[in-house]
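First the structure, in the form of structure tokens, and then the observations on it.
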Amino acid sequence: MKKEPTLLPIRILGDDILRQKAAEVAEIDEEIKDFAQDLTHTMYIRDGVGLAAPQVGRSIRMFVIDPGRRDDDAKNPIVMINPVIEEPAGESSSDEGCISVPEVFAEVKRHDKIKISYTDLDGKRHTGEVSGFEATVIQHEYDHLDGVLFIDKISALAKLKNSVKIRQILSTAVDGVNILKEK
Ligand SMILES: [Zn+2]
């Protein structure tokens with residue numbers, strides 16, 4: 001483990017990498033472990049409950065989540081590598097936002113319950129059933145690995161309401177790269 005985690009630049013809507021299907025992680029080596037640390041650090045600095053690798057410019061199948069952060073300050077990050085979602089059931093909708101689509105919030109319909117399998121940083125495979133907010137966060141992050149953004153799943157009305165912001169975000173893209181500017 002290295003000493004100081006790095007704050008990674010965030011790719012925002014209009015960046016091509018957010019629309020690509022990410023590749024499986026072949027090997028969990030020291031570099032991937034360092035990257036996971038940076039990804040986690042960046043999620044907390046950006047006040048997120050989840051962050052996927054493509055959002056920081058790497059098209060690989062991994063993300064970090066910490067759904068408990070919504071309710072308290074304790075940090076319990078879970079890094080999920082090569083995740084697979086199975087047996088989706090039920091329906092729930094809630095307001096979502098995304099670090100890669102700043103200041104846009106809208107309701108998204110998702111499954112209420114899923115079975116999730118993933119590899120952790122020690123190379124161990126886990127399988128578990130999750131529901132509610134945690135299931136929502138996992139489905140949102142998982143979508144990033146397939147080039148899908150939450151705004152693809154919002155109503156036409158919500159798209160219209162957010163169209164100015166969406167156009168603003170898209171307008172800063174240059175040659176398929178769009179990096180969040182520091183405020
Ligand atoms: Zn997102």
_Quick one: the Cα spread of the stretch 75-142 along its three principal axes, in angstroms, biggest first?_
36, 27, 20
_Could you give the length gained by full extension between His126 and Ser94, i.e. 0.36 nm per residue of separation minus their alpha carbon distance, to one decimal place?_
8.9 nm
*When DSSP assigns beta bridges and you keep just the ones with both residues in the chain, what percent turn out antiparallel, to the nearest 5?*
95
*Between Asp72 and Lys115, take the C-beta separation as r, use R0 = 22 Å, and let me know the FRET efficiency to the nearest 0.05.*
0.25
*Label Glu86 and Ser155 with points 7 Å out from Cα along Cα→Cβ: what is the distance between them in nm?*
3.6
*the stretch 1-71-the stretch 140-168 distance, computed between alpha-carbon centres (Å)*: 20
_Reachable lysines, given that their alpha-carbon falls under 28 Å from the alpha-carbon of Lys165 and they are not under 8 places away in the same chain_ = Lys21, Lys109, Lys153, Lys181, Lys183
_Residues Lys153, Lys115, Lys109 arranged by fewest to most Cβ contacts within 10 Å_ = Lys109, Lys115, Lys153
*What are the lysines whose alpha-carbon lies under 20 Å from the alpha-carbon of Lys75, with same-chain residues fewer than 8 places away excluded?*
Lys2, Lys3, Lys33
*For the stretch 1-156, just run the numbers: alpha carbon Rg, then divide by 2.2 N^0.38 Å, N being how many residues it has.*
0.97
*For the stretch 92-98, in order, what is each residue's ³J(HN,Hα) by Karplus, 6.51 cos²θ - 1.76 cosθ + 1.60 with θ = phi - 60°, in whole Hz (x at glycine and Pro)?*
8, 10, 8, 6, 10, x, 8
_Suppose R0 equals 30 Å. What FRET efficiency, 1/(1 + (r/R0)^6) with r the Cβ-Cβ distance, do Lys165 and Glu31 give to the nearest 0.05?_
0.25
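Every read-out reported here was derived from the displayed coordinates using simple, explicitly stated rules and does not represent laboratory data. This structure is a prediction, so every number in the text was calculated from the model and none was measured. Here Cβ is always computed from backbone atoms with ideal geometry, including for glycine, and neighbour counts include all displayed protein chains.
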